[in-house]
Amino acid sequence: MRGLIKHIVSATYKPLLVKYLATTRTYSYKGIHLEIPPQVFHPGFFFSTKLLLRYISKEHFSDKTFLELGAGSGLLSIYAAKRGASVMAADINPVSIECINLNTEQNAVKTKTILSDVFDNVSPQHFDYILINPPYYKKKPSSFRDYAWYCGENGEYFQKLFKKLAEFMDESSNVLMVLCDGCDLQMIKFQAAKNSFSMKCVLTYTTIMERNYIFKIEQCR
């Protein structure tokens, strides 16, 4: 039944959403005000970013180091910066980098923005928090906008992620990644295990459209 409802909602809702997001839109959440161009992932219409934000709302970020991979509009990074974290926001999309710079200025916080494909341009260092809202549909991206959705035909994004992740964390690091039931969870867990990481589901959230998960990633000992 959930599959049928998802199909009906998607058929009617998606065309309207695509039309709405064809121009720059403003969005506010938890006192954070954003401008989001059409080339950038909009956190207001998809659950993944907000789910991560709700999950970390109990954390204390003062004097912590914080990395957001695939930062998009910068919502999570701005939230952490407002609470005292030293923030680095990374994204492969140059429009996202411009968007984050504008939004951090408008919200009177500072972040360091890095144009980077996963960790390519991030100097090895240990972060207290790493938050990942990855592209998780298996298809080759053909535009910068596509990189918010598609992880490559064989999950190349996750191969890169787990190959380098250990260089950016230690035993006390909190590494959180949001996924959904529409992605290839077995493939992602395989890539994690291949590089000596475990993925523990710490939150499940179900909507009409999908089931979302937050995983805590830890190095296997």
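Each reported figure results from applying straightforward, stated rules to the coordinates on display, with no laboratory input. Since the structure is predicted, the reported quantities are computational estimates derived from the model, not experimental observations. Don't worry about glycine lacking a Cβ; one is built from the backbone with ideal geometry, like all the others, and counts go over all protein chains shown.
General remarks:
- Table column - 3J(HN,Hα) (Hz), segment 110-115, Karplus curve with 6.51, -1.76, 1.60, x for Gly and Pro: 10, 9, 9, 9, 10, 7
- Legend: helices of the chain (whole DSSP H runs) are marked when their alpha-carbon atoms reach 24 angstrom or more along the helix axis and their mean Kyte-Doolittle hydropathy is at least 0.0; marked are 2-20.
- Extending 7 Å from Cα along the Cβ direction at Lys30 and again at Thr204 yields two label points whose distance is 2.4 nm.
- Here Arg211 and His126 are evaluated by their C-beta separation; at R0 = 35 Å the FRET efficiency comes out at 0.60.
- Note on P(r) over Cα pairs in 10 Å bins from 0, in percent: of the candidates (i) 6, 23, 29, 24, 14, 3, 0; (ii) 8, 34, 40, 16, 2; (iii) 8, 32, 35, 19, 5, 1, 0, the value calculated from this structure sits at (ii).
- In segment 171-221, GluC sites (Glu not before Pro) in a DSSP loop with at most 15 other beta-carbon atoms within 10 Å: Glu171
- In this structure the amide hydrogen of His42, modeled in the peptide plane, comes within under 5 Å of no amide hydrogen from residues 5 or more places off or on another chain.
- Contact order relative to length of segment 89-221, as percent, for alpha carbon pairs under 8 angstrom and 6 or more apart: 21
- Pair Ala166, Glu59: separation of 7 Å Cα→Cβ label points (nm): 2.3
- Computed magnitude of the charge dipole of the chain (debye, nearest 20; Cβ of K, R +1, Cβ of D, E -1): 660
- Backbone HN-Hα couplings from phi across segment 167-177 [Karplus 6.51/-1.76/1.60, Hz, Gly and Pro as x]: 6, 10, 9, 9, 5, 9, 5, 9, 10, 10, 9
- 3J(HN,Hα) from dihedral phi, segment 205-215, Karplus parametrisation 6.51/-1.76/1.60, rounded to Hz, x for glycine, proline: 9, 10, 10, 4, 7, 6, 10, 10, 10, 10, 10
- Between amide H atoms placed 1.01 Å from N, distances below 5 Å from Leu67 occur with Met88, Tyr129, Ile130, Leu131, all of them 5 or more places distant or on a separate chain.
- Relative contact order for segment 109-163: 27 percent, from Cα pairs under 8 Å spaced at least 6 residues apart, divided by residue count.
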